[in-house]
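The values are calculated or read from the model by the stated rules, or taken from the named source; none is laboratory data. Bear in mind the structure is a predicted one, so any value in this text is a computation, not a measurement. Because the Cβ atoms are built from the backbone with ideal geometry, glycine has one as well, and the counts that use them run over all protein chains shown. SASA here: full protein model, heavy atoms, side chains in, ligands and nucleic acids out. Shrake-Rupley method; radii C 1.70, N 1.55, O 1.52, S 1.80 Å.
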Amino acid sequence: MNLSVKIGKLRMQNPVTVASGTFGYGEEYARLIDLNQLGAVTVKGIRLNPVRGNPTPRTVEVASGLINAIGLQGPGVDGFIKKYWPLLKTLKVPTIINIWGTTVEEYAEVARRFDALGGVGALELNVSCPNIKAGGAQFGTDLKLLAQVVTACRKVTKLPLITKMSPNVVSIAPFAKAAEDAGSDALAITNSYPAMAIDIETRRPKLANVTGGLTGPCIKPIAIKLVWEAAQAVKIPIIGMGGIQNAADAIEFMMAGATAVAVGTANFYEPQTAMKVIAGIREFMEKCGLKDVKEIIGSVAL
Ligand SMILES: Cc1cc2nc3c(=O)[nH]c(=O)nc-3n(C[C@H](O)[C@H](O)[C@H](O)COP(=O)(O)O)c2cc1C
């Protein structure tokens, strides 16, 4: 049975990775699961310099989901290379590094630094974070800026580029096409949805940042639709994510057109989820007599 897929030049031994920001930098989960069983490890977003993130509380549970406003806390490029890269570079599976910046030039500089590092599997451009006012949100929801970011990163690296799309647009198709035309090798769909929750006793917002990004099972049907729409618009592969809790969810994303999938919020309450998803995809293939996981991709019967 062949479970391997390709995301541009990046070969994954199975189609399951983890979603950026829900799996630390790999090491936090290394005692809980065998990282080498994943299709790839995707790390929390990194910009050039360290970032402290937002004041707490930064997360709040809502019905079937989570709202977070972490504020892209991170160690910066140098901090990441010093503290986390020594473990990641020893893994048998590729590392996807999620990067961001507040200017086109910063994205390109971070991409250049990781290109020079050697051994990185792929770069994922977070152009879609709704939490940073001066940052990502502008890039992922503006066709020109999106193209500029992808073009600038494309110029400085031959590493596979995955553009992580913002769901906060009227129609995803033109944005997917813009990323493809600018040289993106793949798309990741989707990032979180802008959201807010209020404590009615104190009348205070439940997050210190007031608003945050909604993730988890409640966004899954909306994410499936985005993947399906984007898959009609582009030829490049899509990594589907949004509320995946089990193999059935992952297979649904693949039937909608995703080549690979990422487990996100579920890592927080069940760190074994990605392992269970991989095993469940295998079982589904056995049950249906499929020899290659690629037979599932885009197989929704309309
Ligand atoms: C706490 C938290 C932190 C996140 N941090 C990032 C990040 O740094 N970069 C990024 O591109 N996406 C980030 N995301 C978005 C996830 O990668 C993913 O797109 C989203 O959570 C949808 O998947 P899920 O519903 O399975 O969690 C974060 C999500 C959560 C819940």
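Mind ordering 163-169, 36-42, 88-94, 218-224 by average Cβ neighbours within 10 Å, highest first?
Listed from highest to lowest mean packing, they are 163-169, 36-42, 218-224, 88-94.
Dipole of the chain, Cα-centred, from +1 at each Lys and Arg C-beta and -1 at each Asp and Glu C-beta, to the nearest 20 debye?
Dipole of the chain, to the nearest 20 debye: 500 debye.
Tell me the carbon and sulfur percent of the accessible area for the chain, rounded to whole percent, probe radius 1.4 Å.
54
Over the Cα atoms of the chain, how large are the radius of gyration and the largest Cα-Cα distance (Dmax), in Å?
17.9, 57
Run through the DSSP bridge list for the chain and note the antiparallel percent, rounded to the nearest 5.
Once the DSSP bridges in the chain are tallied, antiparallel ones form about 40 percent.
For an R0 of 30 angstrom, estimate the FRET efficiency from the Cβ-Cβ distance between residue 171 and residue 299 and round to the nearest 0.05.
That pair, residue 171 with residue 299, gives E of 0.80.
Out of all Cα-Cα pairs in segment 235-302, roughly what percent, to the nearest whole number, are more than 20 Å apart?
Everything past 20 Å amounts to 24 percent.
How large is the accessible surface per residue of the chain, computed with a 1.4 Å probe and reported in Å² as a whole number?
43
Using only DSSP helix segments of four residues or longer, with each worth -39500 (n - 2.57), what per-residue ellipticity at 222 nm results for the chain after dividing by its residue count and rounding to 500?
The per-residue figure over the chain is -9500 deg cm²/dmol.
Relative contact order for the chain using alpha-carbon pairs under 8 Å, separation at least 6, rounded to a whole percent?
Relative contact order of the chain: 20 percent.
Taking residue 89 as the anchor, which lysines have their alpha carbon closer than 29 Å to its alpha carbon, excluding any fewer than eight residues away along the same chain?
Filter leaves 6, 9, 44, 155, 158, 164, 276, 294.
What is the antiparallel percent of DSSP beta bridges lying wholly in segment 1-145, to the nearest 5?
50
Quick check: from the Cα gyration tensor, does segment 36-106 come out rounded (a/c under 1.5), prolate or oblate?
Since a/c reaches 1.5 but b/c is at least a/b, the shape of segment 36-106 is classed as oblate.
Between residue 61 and residue 210, what FRET efficiency comes out of the Förster formula 1/(1 + (r/R0)^6) with R0 = 22 Å and r the beta carbon distance, rounded to 0.05?
E(calc), rounded to 0.05, equals 0.85.
If I stretch the segment between residue 9 and residue 197 completely, what's the gain in nm (0.36 nm per residue apart, minus their alpha carbon distance), one decimal?
Gain in length upon complete extension: 63.6 nm.
Using label points projected 7 Å from each Cα along Cα→Cβ, tell me how many nm separate residue 225 and residue 2, to one decimal.
3.5
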